[in-house]
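Working notes, structure below.
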Amino acid sequence: MQRNSRIFVAGHKGLLGSAIVRELETAGYSNLLLRSRQELDLLNVAAVASLFDKERPEFVFLAAAKVGGIFANEKYPAEFIHDNLVIQTNIIESSRQAAVRRLLFLGSSCIYPKMAPQPMPESCLLSGPLEPTNRAYAIAKIAGIEMCSAYNRQYGTHFLAAMPTNLYGPGDNFDLATSHVLPALMRKTADAIKTGGNTVTVWGSGNPRRELMYSADAAEACLLLMNLDDATFQSLLRQEYPLVNIGTGKDVTIRELAETVSRVLGFKGALVFDGSKPDGTPQKLMDVSKLHGLGWRPRFALEHGIARTWELVRERLMQ
């Protein structure tokens, strides 16, 4: 990508999308195409096609998605599969028609089987049953990967899929009804501190393990992938699936995560684990050897990233 390349970031106000925009701006990219939900309905095929026809983006970061934690995925599976399929279909097809030079489709580690080998290599895709609590979302993202592969084979496009691990950061969703585990823990802990509570309730047993990555690190990895030399980029597209994992290669238990949040936020009370709530997948650790082979490593350790996030959202959560 050149500094004046026309770059469309779909989902630029989301957790990863906003981090990608910050990374692009910091690196000096000046021709960013950004549209809010009010300005562009990504579920509207005609509106998306019109944008691409008018603006002719050269590079596309497809970070727009309907996302949520276990509760949201279980309650709204129809919306999760419908909205994600429509959004990514509209953008991928419009990218083909507009002759976009490169597209990066962002997904999630939940595409891999519930009992996948740990750490999970890209090759274990479609090798077993999915975790039931987020199957609708996962299948939508798997369809996006297959679309990239199919379009590359049939049309000669250059569409790459990247699957980030669980992300967190200042642009996260802290609504307890729809948030993922880390922002939910931060919100619950902040609420307990505000109200003088003595306990924080954590869903499940606390035993499942999760890998978490600060959003700025994921954004940096996305830019690296989009800026690979042609030969290296093409080698990724020629794999069985044009797919790269983005992660830290390290994980912690939910109990350890909750304890870290308590320590960073200064909560002195007790953690209560509610075993009546689902645990979800036992472990989701990404095999990131492919990304590391490209020379990339994350900069933020977990506690450092949580502290940075707390610094940026503390005022909002403590109101």
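Listed values, structure above:
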item: Mean separation of Cα contacts under 8 Å, 6 or more apart, over the residue count of the range 74-187: relative contact order %; result: 31
item: Solvent exposure ordering (accessible area, 1.4 Å, most first) of ASP172, ASP53, ASP217; result: ASP53, ASP172, ASP217
item: The range 194-240 shape via C-alpha gyration tensor axes, a/c threshold 1.5; result: oblate
item: Cα gyration tensor, the range 258-319 - rounded (a/c under 1.5), prolate or oblate; result: oblate
item: In nm, spacing of pseudo-spin labels at ARG101 and ALA27 (7 Å Cα→C-beta vector); result: 1.2
item: Protection proxy ranking of 37-43, 203-209 - average other beta-carbon atoms within 10 Å, highest first; result: 203-209, 37-43
item: Per-pair calculated FRET efficiency, R0 = 25 Å: HIS292 and ALA231 via Cβ, rounded to 0.05; result: 0.85
item: Residue pairs, from the table LYS194/LYS277; LYS188/LYS268; LYS141/LYS284; LYS188/LYS277, whose Cα atoms sit over 19 Å apart; result: LYS194/LYS277
item: Length-normalised contact order of the chain in % [C-alpha pairs under 8 Å, at least 6 apart]; result: 20
item: Cβ-Cβ FRET estimate between ALA177 and MET318, R0 fixed at 22 Å, reported to 0.05; result: 0.65
item: Three-way shape call for the range 133-184 based on the alpha-carbon gyration tensor, with the a/c threshold at 1.5; result: prolate
item: Inter-part distance where the range 1-15 and the range 192-232 are each reduced to a Cα centre, Å; result: 21
item: Residues in the range 203-231 reached by a label modelled at LYS75 [backbone nitrogen below 17 Å; 7 Å Cα→Cβ]; result: 203-204
item: DSSP-defined antiparallel bridges as percent of all bridges, the chain, nearest 5; result: 5
item: Counted charge near CYS222, where neighbours are those whose Cβ lies closer than 12 Å (Asp, Glu -1; Lys, Arg +1); result: -1
item: Residue-averaged 222 nm ellipticity for the chain, from DSSP H runs of 4+ at -39500 (n - 2.57), nearest 500; result: -13500 deg cm²/dmol
item: Selected from PRO170, PRO117, PRO183 as most flexible by GNM, with the chain as the system and alpha-carbon contacts under 10 Å; result: PRO117
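The values are calculated or read from the model by the stated rules, or taken from the named source; none is laboratory data. Nothing here was measured: the structure is a model prediction, and the numbers come from that model. Methodologically, a virtual Cβ is constructed for each residue, glycine included, from the backbone with ideal geometry; neighbour enumeration extends over all protein chains shown. The area values use the complete protein model at the heavy-atom level, side chains included, leaving out ligands, DNA and RNA. Shrake-Rupley method; radii C 1.70, N 1.55, O 1.52, S 1.80 Å.
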